[in-house]
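K.L.:
The structure's right below; bear with me while I get my questions together.
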Amino acid sequence: MAKLAIWAILYPIVAHIGIQESKVFLPIVYLTLLALLFIYFSKIRSWILSGALVSIVIAAAFLVIVLGKEYLVIQLVPMLILLTLIFLFFKSLLFGNTPIITTFAACVDDRPLNSDKKIYTRNVTIVWLLGFVYLAIQNIVAAIWLSIEDWSWLSNTGSYIFISLIMLGEFIYRNKKFKQDRISFKTFLVRLSRCRLK
């Protein structure tokens, strides 16, 4: 599944290239391959179910291309991802749940967090949630008012820069705030890549 996540992260680049080069079938083909890989890595035991899912994915991709709805699908994908992230981060902040960033921080530190870190990581989860809400609003506004090419620059490129800046800024601030647990950014990324949500 880690390999699939890497392929999924590369999707905005493929979408952006497809839009800028007027080859919008490329992102659809890429999404189709991602969906097929997801079915494969899910290791569904029933051949009938997996065969049905494969048929549905291929038929849906074919239908999108035939109907000329590639742009609609391309613009919907980031919104669906952002709405999913907003839901997951918001749900994790509700009473009785562990905030997502708290879970990841405990994994990166490889030990339970103290009360200061729990409060801090809860606040960071809120920051990420607000960031995703901002990106969702930005995507909607850009889809309505901008050309597909400009939307792609903002959504597929700008969003990555925005998310990278939040991650890097939070990492630098955390290393200053919790000096005793300071680690390199490379170590942080390696440890983070091994973490899983429960």
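The values are calculated or read from the model by the stated rules, or taken from the named source; none is laboratory data. Just so it is clear, the model here is predicted, and its values are computed rather than measured. In this analysis, Cβ positions are derived from the backbone assuming ideal geometry, glycine residues included, and neighbour counts consider all displayed protein chains.
K.L.:
When both residues are 6+ apart or on different chains and their Cβ atoms are under 9 Å apart, which pairs have a first residue that lies in the stretch 5-23 and is over 30 Å from ARG196 (Cβ atoms), and a second that is hydroxyl-bearing (Ser, Thr, Tyr)?
P.N.:
Matching pairs, first to second residue: GLY18/TYR30; GLY18/SER152; ILE19/TYR71; ILE19/SER152; GLN20/SER152.
K.L.:
Right, here's the next one. Would you tally the residues in the stretch 158-192 being in contact (Cβ under 8 Å) with a residue 60 or more places away in the chain and part of a helix (DSSP H, G or I)?
P.N.:
Residues in the stretch 158-192 being in contact (Cβ under 8 Å) with a residue 60 or more places away in the chain and part of a helix (DSSP H, G or I): 6 in total.
K.L.:
For the stretch 87-117, which residues satisfy the criterion of being among the basic types (Lys, Arg), in a helix (DSSP H, G or I) and either without any contact (Cβ under 8 Å) to a residue 12 or more places away in the chain or surrounded by fewer than 16 Cβ atoms within 10 Å (Cβ to Cβ) (or both)?
P.N.:
The answer is LYS91, and nothing else.
K.L.:
Let me ask something else about it. So, THR84, is that one in the same structural domain as GLU170 (by TED's automatic domain parsing), β-branched (Val, Ile, Thr), within 21 Å of the chain's Cα centre (by Cα) and surrounded by 13 or more Cβ atoms within 10 Å (Cβ to Cβ) or not?
P.N.:
No: the conditions fail for THR84.
K.L.:
Considering only residues that are assigned to a helix (DSSP H, G or I) and of a type outside the set (A, V, I, L, M, F, W, C), which ones fall in the stretch 1-45?
P.N.:
LYS3, TYR11, PRO12, HIS16, GLY18, GLN20, PRO27, TYR30, THR32, TYR40
K.L.:
Do we have LEU63 as loosely packed, with under 12 Cβ neighbours inside 10 Å and at pLDDT 90 or above here?
P.N.:
yes
K.L.:
Now a separate question. Please name all residue pairs, on different chains or six or more residues apart, with Cβ atoms under 6 Å, provided the first residue is in the stretch 34-57 and is under 28 Å from ILE13 (Cα atoms) and touching a residue at least 12 places away in the same chain (Cβ under 8 Å) and the second residue is of a type outside the set (A, V, I, L, M) and surrounded by fewer than 13 Cβ atoms within 10 Å (Cβ to Cβ).
P.N.:
Close Cβ pairs satisfying both conditions: none exist.
K.L.:
Write out, first by first residue and then by second, each pair whose Cβ atoms fall under 6 Å of each other, whose residues are 6+ apart or on separate chains, and whose first residue, in the stretch 125-142, is free of Cβ contacts under 8 Å to residues at least 24 places away in the same chain and within 15 Å of TYR160 (Cβ to Cβ) while the second is of a type outside the set (Ser, Thr, Tyr) and assigned to a helix (DSSP H, G or I).
P.N.:
Once the first residue is free of Cβ contacts under 8 Å to residues at least 24 places away in the same chain and within 15 Å of TYR160 (Cβ to Cβ) and sits in the stretch 125-142, its partners that are of a type outside the set (Ser, Thr, Tyr) and assigned to a helix (DSSP H, G or I) give ALA142/TRP151; ALA142/LEU154.
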